[in-house]
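Accompanying notes for the structure given below.
Throughout, read-outs are computed from the coordinates displayed, never taken from laboratory work. Bear in mind the structure is a predicted one, so any value in this text is a computation, not a measurement. Glycine gets a Cβ as well: all are built from the backbone with ideal geometry, and neighbour counts include every protein chain shown.
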Amino acid sequence: MSKKISKTNAMRILDSEKITYNIREYPENGPIAAVDVARYLEQPADRLFKTLVTTDNNHGYYVFCLPGDTELDLKKAARVAGVKKIEMLKQKDLLPLTGYIHGGCSPVGMKKVFPTYMDESAQKWESIYVSGGKIGLQIEVNPQELTKFLPLSFADLLK
């Protein structure tokens, strides 16, 4: 008998938006790094997108989703967001701002909706993986479907 998966905020929002998705679980005490989660799920690391939250010097917040085996180019990120400078949000500020913890941060279902940018490479996939809103849960979803309800744009974000 398999255990019932409790719905996360991300899953509830996808359901309410009638977005088709699949869930993939992995041990909650398992990997956190995107490349390790991808390996565990037997998926290419460039198909599993990590979610990074950033801030500018005026307390603006921006969400960036990029392949698990890549690094965010902060200059490109600032340019795309239309600000002078952008930096990573401090880990201690992630939960109060988004409702998510490090390793379980999803671009879907944050406490507030922030401008969201996904690396353009997501468009080469029919579906990608993003966090389901907790460690141990990934959501497989068509990246174009996310644009229906998130302020999401595709852009070149990588170093």
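Listed by chain and number, the lysines placed with their C-alpha closer than 29 angstrom to that of K76 are K50, K84, K85, K90, K92, K111, K112, K124, K134, K148, K159; residues fewer than eight positions away on the same chain are left out. Ordering V83, P115, L95 by the projection of their Cα atoms onto the charge dipole of the chain, which places +1 on the Cβ of Lys and Arg and -1 on the Cβ of Asp and Glu, puts L95 at the extreme positive end.
Eigenvalues of the alpha-carbon gyration tensor of the stretch 1-147, scaled by 5 and square-rooted, set the equivalent ellipsoid semi-axes at 24, 16, 15 angstrom, largest first. Roughly how many debye, to the nearest 20, is the charge dipole of the stretch 17-60 about its Cα centre, given +1 on each Lys and Arg Cβ, -1 on each Asp and Glu Cβ, and no other charges? Charge dipole, the stretch 17-60, about its Cα centre: 100 debye, nearest 20.
When the P(r) is computed for the stretch 9-78, the part past 13 Å accounts for 73% of the Cα-Cα pairs.
Would you work out the charge dipole size for the chain about its Cα centre, treating the Cβ of every Lys and Arg as +1 and the Cβ of every Asp and Glu as -1, and quote it to the nearest 20 debye? Using only the charged Cβ atoms, the result is roughly 500 debye. In a simple Cβ point-charge model (Lys, Arg +1; Asp, Glu -1; nothing else charged), the stretch 62-151 has a dipole of about 500 debye relative to its Cα centre.
Each stretch of four or more DSSP H residues adds -39500 (n - 2.57); spread over every residue of the chain, this sum gives -5500 deg cm²/dmol at 222 nm. Each residue of the stretch 65-72 is assigned a 3J(HN,Hα), and the resulting list reads 10, 9, x, x, 9, 10, 10, 6 Hz, derived from the Karplus form 6.51 cos²θ - 1.76 cosθ + 1.60 (θ = phi - 60°), x at Gly and Pro.
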